[in-house]
Amino acid sequence: MEVVSAWAPAVGFTLLPPAGGFLGSTLTEKKWPVWYESVQKPSWCPPSWVFAPVWGAIYTSMGYGSYLVWKEVGGFNKKSVIPLGLYAGQLALSWSWTPIFFRAHKMGWGLVTLLLTTGTATAATVSWYKVNKTAVYLMIPHLAWLTLASALNYHVWKDNRDKKQSK
């Protein structure tokens, strides 16, 4: 059992974020394709098929980063409260965006959620800097994608806010 205990936290931390993202996407899967295809999007919007693999890779990357932080600070303790608390907060916000935007069609609230996620993810990344620099590097794709997602969400909201959105 010693072998299992050595790799189980790494696997758990790494797979938790994409599992939550997958769960959120399955809850909205039937709602979003028709609606999202009908909204006006900027010309630079990535094709719909790009989002799932990108989010999967990003969630996996930051999940492993959180494991590195957890391991470096010695598990869940007083030293882990800020770096892992900020991480958990940004992860919960990130997971909440999908049902807010795609299921409820609340584009403005989706933007607010993304901006809060970006701020919290940035704070988590900064708090990780003194703990584990590799973990910081693993968060950079997330911050970059959040920037793109926020800009895209803003343009979708701006270009469609006066249109009646059907649920």
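The values are calculated or read from the model by the stated rules, or taken from the named source; none is laboratory data. Predicted model, so just to flag it, every value in this text is computed and none were measured. Cβ: placed from backbone, ideal geometry, glycine included. Neighbour counts: every protein chain shown. SASA here: full protein model, heavy atoms, side chains in, ligands and nucleic acids out. Shrake-Rupley method; radii C 1.70, N 1.55, O 1.52, S 1.80 Å.
Just name the residue that is farthest from Tyr87 (Cα to Cα) out of those in segment 52-62 that are open to solvent by 30 Å² or more (accessible area, probe 1.4 Å) and either in contact with a Pro (Cβ under 9 Å, 6 or more places away or on another chain) or without any contact (Cβ under 8 Å) to a residue 24 or more places away in the chain (or both). Restricting to residues being open to solvent by 30 Å² or more (accessible area, probe 1.4 Å) and either in contact with a Pro (Cβ under 9 Å, 6 or more places away or on another chain) or without any contact (Cβ under 8 Å) to a residue 24 or more places away in the chain (or both), the top hit is Pro53. Among the candidates Trp97, Trp109, Trp128, the residue that is farther than 16 Å from Gly21 by Cβ and in contact with a Gly (Cβ under 9 Å, 6 or more places away or on another chain) is uniquely Trp128.
Going residue by residue through segment 8-27, is there one that turns out to be hydroxyl-bearing (Ser, Thr, Tyr), modelled with pLDDT under 95, assigned to a helix (DSSP H, G or I) and open to solvent by less than 20 Å² (accessible area, probe 1.4 Å)? Taking every residue of segment 8-27 in turn, none turns out to be hydroxyl-bearing (Ser, Thr, Tyr), modelled with pLDDT under 95, assigned to a helix (DSSP H, G or I) and open to solvent by less than 20 Å² (accessible area, probe 1.4 Å). Can you report the number of residues in segment 28-49 which are aromatic (Phe, Trp, Tyr), at pLDDT below 90 and within 21 Å of the chain's Cα centre (by Cα)? Adding up the residues that qualify gives 3.
When Ala52, Ala88, Ala104 are checked against the criterion of being at pLDDT 95 or above and either under 11 Å from the mean Cα position of the chain (by Cα) or under 18 Å from Thr26 (Cα atoms) (or both), a single residue qualifies: Ala88. Quick check on segment 31-51. Is at least one of its residues farther than 20 Å from Thr134 by Cβ, assigned to a loop (DSSP other than H, G, I, E, B), of a type in the set (Asp, Glu) and open to solvent by 60 Å² or more (accessible area, probe 1.4 Å)? No, segment 31-51 contains no residue that is farther than 20 Å from Thr134 by Cβ, assigned to a loop (DSSP other than H, G, I, E, B), of a type in the set (Asp, Glu) and open to solvent by 60 Å² or more (accessible area, probe 1.4 Å).
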